[in-house]
Amino acid sequence: MLSMLSLLIVLATFVFMEGVAWFSHKYIMHGLLWFLHKDHHTRETKGVLEKNDYFFLLFAAPGIICIVLGLEDFSYLIYIGLGITLYGFAYFFIHDLFIHQRIKVLRKTKSKYFLAIRRAHKIHHKNRGRLDGECFGMLWIPMKYFRS
């Protein structure tokens, strides 16, 4: 059973992961590892998977490692791993399913929040290059996208 502290660790980790995702997207995916992320912006890949999908392995590893190490003595690491993993599920659902419609879901949503997320992501993808992008996060988006 989750204690209040355990739940706070999971939630804090989930929130922290948005910052990690923003930083990773802006400085790693649009930086050193652009060669893996580029096909996501240019649609170079034909088929279901992109080179960009390799980032799943990179980002899933810390969650898996924390859960495995936390299971050894049921330490706080398991809750950090759960927070990371829950963020990964949220990312997959929002980015891959909702925004990019890899599986057609929530196509006709009227949710202002989800529509703002979709607008912000479209602005991010308008820039096909590595530099000069905006909206690198996923869940925290500028208020201007709610007003459109």
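The values are calculated or read from the model by the stated rules, or taken from the named source; none is laboratory data. Just so it is clear, the structure is predicted and the values come from calculations on it, not from any experiment. Reconstructed Cβ throughout: ideal geometry from the backbone, glycine too, with neighbour counts over all protein chains shown.
Some notes on this structure:
- Among residues of the range 70-99 that are within 29 Å of His121 (Cα to Cα), those with a Cβ under 7 angstrom from a residue that is assigned to a helix (DSSP H, G or I) and of a type in the set (Ser, Thr, Tyr), sequence gap 6+ or separate chain, pair up as Ile80/Thr13; Gly83/Thr13; Ile84/Thr13.
- Every residue from the range 24-35 that is surrounded by 13 or more Cβ atoms within 10 Å (Cβ to Cβ), among the hydrophobic types (A, V, I, L, M, F, W, C) and part of a helix (DSSP H, G or I): Ile28, Met29, Trp34
- Candidate set: the range 69-114, residues that are more than 17 Å from Ser6 (Cβ to Cβ) and aliphatic (A, V, I, L, M); chosen: the one modelled with the highest pLDDT: Ala90
- For Lys51, the conditions (1) surrounded by 15 or more Cβ atoms within 10 Å (Cβ to Cβ); (2) basic (Lys, Arg); (3) out of contact with any helix residue (DSSP H, G or I) (no Cβ under 7 Å at 6 or more places or on another chain) all hold with the exception of (3).
- The range 62-95, subset farther than 20 Å from Leu106 by Cα and of a type in the set (Gly, Ala, Ser), residue surrounded by the fewest Cβ atoms within 10 Å (Cβ to Cβ): Ser75
- Failed item, numbered, when Phe136 is tested on (1) at pLDDT below 75; (2) over 15 Å from Met17 (Cβ atoms): (2)
- Taken as a whole, the range 23-30 holds no residue that is of a type outside the set (Asp, Glu), over 24 Å from Ala120 (Cα atoms) and out of contact with any Asp or Glu (no Cβ under 6 Å at 6 or more places or on another chain).
- Some residue of the range 53-60 being in a loop (DSSP other than H, G, I, E, B) and either modelled with pLDDT of 80 or more or acidic (Asp, Glu) (or both): no
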